[in-house]
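Structure first, commentary second.
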Number of protein chains: 4
Amino acid sequence: MMSAHRQGPVRSEAARVAILQATARLFAARGYDHLTMEGIAGEAGVGKQTIYRWWPSKGAVVADCLLDGLLFPEQFALPNTGELREDLATWLRNIFGVLEHPSGEMLMRSLIAAAAENADVGLRLYDSLGTGSTLNARLHEAVSRAELEGDTPVEQVGDALVGAVVMRALSRLPTPAGLPEQLVDAVLGRSATLRP
Amino acid sequence: MMSAHRQGPVRSEAARVAILQATARLFAARGYDHLTMEGIAGEAGVGKQTIYRWWPSKGAVVADCLLDGLLFPEQFALPNTGELREDLATWLRNIFGVLEHPSGEMLMRSLIAAAAENADVGLRLYDSLGTGSTLNARLHEAVSRAELEGDTPVEQVGDALVGAVVMRALSRLPTPAGLPEQLVDAVLGRSATLRP
Amino acid sequence: MMSAHRQGPVRSEAARVAILQATARLFAARGYDHLTMEGIAGEAGVGKQTIYRWWPSKGAVVADCLLDGLLFPEQFALPNTGELREDLATWLRNIFGVLEHPSGEMLMRSLIAAAAENADVGLRLYDSLGTGSTLNARLHEAVSRAELEGDTPVEQVGDALVGAVVMRALSRLPTPAGLPEQLVDAVLGRSATLRP
Amino acid sequence: MMSAHRQGPVRSEAARVAILQATARLFAARGYDHLTMEGIAGEAGVGKQTIYRWWPSKGAVVADCLLDGLLFPEQFALPNTGELREDLATWLRNIFGVLEHPSGEMLMRSLIAAAAENADVGLRLYDSLGTGSTLNARLHEAVSRAELEGDTPVEQVGDALVGAVVMRALSRLPTPAGLPEQLVDAVLGRSATLRP
DNA sequence: TGCTAACCGAGACGGTACGTCACGTCTTAGA
DNA sequence: TCTAAGACGTGACGTACCGTCTCGGTTAGCA
């Protein structure tokens with residue numbers, strides 16, 4: 001005989017989904033620090049205790065939203081044309097494009113604030129952008145295609161690139177023309193791409 | 001014309017200093033989000049109104065602390081031996097050393113949180129690490145000494161370097177051996193340093 | 001030199017009065033156990049914290065209402081015509097008259113519930129009806145006028161009379177005809193009144 | 001005609017008893033207003049729904065406890081030696097003895113609070129002490145034995161006596177020496193007992 | 001002997017109110 | 001006129017229970 005399952009009602013999937021969606025909605029609309037548990041509960045049509053039963057804190061709910069991909073806009077997806085430098089530049093242009101809108105800037109800063117406050121969010125965000133990300137996969141692919149030298153520290157290049165975006169977002173400075181390309185140059189070397 | 005001097009006592013310098021020092025103390029001890037205006041007032045022996053009279057928000061007080069250099073530990077200073085790669089690696093080793101202590105990690109994340117929440121802090125922090133920083137000056141110096149190629153996008157290299165540190169701090173991951181050197185390689189190129 | 005008074009703003013009399021009046025209003029309208037601190041605060045147009053700053057509990061607020069005479073209806077006043085038995089009977093008729101209305105019954109039971117839950121209310125209520133009451137004064141007066149024998153245990157007679165009313169209120173039974181007079185007989189003796 | 005018997009298991013006597021005993025235990029230990037349905041369910045090892053299936057409210061459960069005699073301590077029993085005044089005085093001494101202990105005082109106030117809040121408890125308590133009580137029977141017996149005059153309003157005397165105890169309990173005042181005897185004097189007349 | 005309705009324990013659910021904390025504003029007395 | 005102290009209305013916190021509901025498991029009586 002196998003395991004002895006708990007008796008009683010089971011966790012409501014409807015409530016879980018309503019909470020995460022409400023969180024994503026409010027996060028995008030008001031930002032992380034105007035996000036409140038009571039607000040989420042109200043927006044989701046759920047009792048506060050139902051949130052606290054399954055998540056220990058606001059940050060943990062946001063982390064789960066992140067995991068479900070409810071917080072990233074689609075512009076954050078990395079294109080893959082085969083031309084690494086061009087793909088990276090396009091990607092950065094998209095991101096800086098998002099940052100030009102106040103709501104996009106706020107979303108980005110909210111993600112950073114959430115990551116700074118909550119370890120779950122921090123790690124999840126790092127994984128989304130780092131190790132487990134398409135960016136890292138793309139860079140490794142470039143190494144195997146010999147677009148990059150074999151001993152390139154891929155993770156560090158990724159961190160540097162994303163980190164630079166984070167720094168610009170924190171500065172609130174407008175994006176100067178040419179910044180995406182300069183950033184690509186900064187982390188890949190100005191002319192370092194190897195071509196066969 | 002008669003001079004129109006203000007009547008009554010002027011702003012108390014003692015109070016201003018007490019507030020900034022109390023803020024720095026509590027910021028380091030408890031982190032940005034457990035920092036409260038009432039806590040600062042109590043710690044500084046000052047009325048709440050005295051803070052609100054001169055600063056519009058918690059973030060603004062923290063930004064002024066930053067300006068006065070009350071928040072950065074001394075390990076954040078960039079050495080200058082003339083050897084750029086070595087100086088950068090040493091600097092990163094110091095910073096990651098700070099991040100290994102829980103209180104150091106919290107301080108770093110608090111700076112990020114404050115920057116994400118408050119525009120003043122964000123810009124001030126960016127300037128401290130970017131344009132107005134010793135890092136940028138050092139990189140420009142390296143260009144003029146031909147340690148770096150002339151068309152290196154210096155600001156972007158700085159952002160990438162600092163940004164990578166920020167990303168690591170947000171991830172809360174332990175620092176693997178060799179990370180400082182790999183980061184230097186990532187932003188300066190693995191073997192790109194020009195030597196005369 | 002005399003005392004060193006505290007500096008700073010002084011307690012708001014307007015808030016105090018608004019709270020007590022709101023409490024009395026809600027107490028009469030909804031009863032003691034549907035009385036909530038949030039309800040009082042809302043009705044009084046006051047922050048919850050302003051209540052908690054000055055009173056430790058719901059019971060304490062009610063006790064202060066009692067002290068200010070905001071909870072007793074006017075029918076609870078004891079008449080004084082000089083004829084003790086008749087005055088007591090009239091008084092009891094008034095009280096049982098109040099108890100016949102649902103709202104009156106609820107008010108009485110609410111007073112009892114509040115007294116049972118909170119020591120302040122209990123003592124205050126006992127004083128209002130006992131030692132410090134017009135009932136006791138009236139009984140002592142009757143002794144001095146020789147309407148009652150000199151060694152009558154006046155306080156105990158008062159407690160018994162009020163207590164009997166309390167018991168009837170707790171029973172929720174309708175008041176049978178003649179009850180007031182029977183109660184007077186029960187505590188003063190059926191024919192014991194001394195007449196000159 | 002076909003009988004319309006219910007199918008399926010009948011009410012669990014074990015659960016009923018466990019609930020009542022748990023209620024009595026918690027009532028005595030914590031008092032009526034810290035008594036919770038969840039607490040009873042937990043203490044009784046029973047699901048909440050099993051309580052709500054058979055009783056509509058906390059008060060109803062307490063009323064059933066009262067009916068089963070689970071709440072009155074044995075000291076509340078009225079002795080019967082044939083000497084009415086002495087029996088009543090002994091009984092009152094026992095009750096005031098119980099009231100001297102904090103737990104006894106709380107139990108008494110909890111009974112009053114429960115009676116004030118819940119009609120079932122109120123009537124049940126009144127019956128336990130009034131019409132259906134040994135006190136009333138004892139007083140009627142005294143009348144038939146000519147210890148009391150024939151037209152004594154027995155029920156009212158009983159209410160007055162019990163009510164006086166209730167008033168003292170609500171006041172939380174310590175019991176002064178001689179109080180039991182004075183109360184007997186107050187309701188039976190100082191010297192009114194008829195002796196053959 | 002198997003069906004099935006009603007019981008049972010457990011506990012998740014949408015709510016209300018709790019008592020606390022901090023906000024940013026306002027009001028006092030003293031220097 | 002500025003300062004300290006701190007009361008004020010506001011709003012969110014995280015917790016305790018409410019009364020209802022939904023599970024899987026158990027137990028009778030009827031077929």
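What follows draws every value from the coordinates through simple rules; no lab data is involved. Remember, predicted model here, so these are calculated numbers, not experimental data. Using ideal geometry, Cβ is built from the backbone for each residue, glycine included, and neighbour counts are taken over all protein chains shown.
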Among the listed pairs B:LYS48/C:LYS48; A:LYS48/C:LYS48; A:LYS58/D:LYS48; A:LYS48/D:LYS48, give every one whose C-alpha distance is greater than 26 Å. A:LYS58/D:LYS48
Could you calculate the FRET efficiency of A:TYR52 with B:THR81 from 1/(1 + (r/R0)^6), where r is the beta carbon distance between them and R0 is 60 Å, rounded to 0.05? 0.65
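Averaged over A:118-130, how many beta carbons belonging to a partner chain fall within 10 Å of each residue's beta carbon?
Across A:118-130, the average partner-chain Cβ count within 10 Å equals 3.
Determine the sum of side-chain charges near C:ARG53: Lys and Arg each +1, Asp and Glu each -1, restricted to other residues whose C-beta is under 11 angstrom from that of C:ARG53.
Computed value for this residue: +3.
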All other residues with a Cβ under 14 Å from the Cβ of B:SER133 taken together, and with Lys, Arg as +1 and Asp, Glu as -1, what is their net charge? -3
Inverse mean reciprocal Cα-Cα distance (Kirkwood Rh) of the protein assembly as shown, Å: 33.6
Which FRET efficiency value, to the nearest 0.05, do you get for C:SER103 and C:GLN21 by plugging their Cβ-Cβ distance into 1/(1 + (r/R0)^6) with R0 = 25 Å? 0.90
Cβ-placed point charges (K, R +1; D, E -1), dipole of the stretch D:1-148 about Cα centre in debye, nearest 20: 560
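Count charges around A:LEU173 for me, please; just the other residues with Cβ under 15 Å from its Cβ, Lys/Arg as +1, Asp/Glu as -1.
Neighbourhood net charge equals -2.
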Could you tell me which GluC sites (Glu not before Pro) in the stretch A:112-196 are loop residues by DSSP with no more than 16 other beta carbons within 10 angstrom of their beta carbon? A:GLU149
Towards the positive end of the charge dipole of the stretch C:1-148, with charges on Cβ (+1 Lys, Arg; -1 Asp, Glu), say which of C:ALA119, C:ALA44, C:ASN136 has the farthest Cα. C:ALA44
Taking N as the number of residues in the stretch D:1-59, the ratio of its alpha carbon radius of gyration to 2.2 N^0.38 Å works out to 1.37
Tell me whether the stretch C:79-196 comes out rounded, prolate or oblate; compute the Cα gyration tensor, take square roots of the eigenvalues as a ≥ b ≥ c, and use a/c under 1.5 as the rounded threshold. oblate
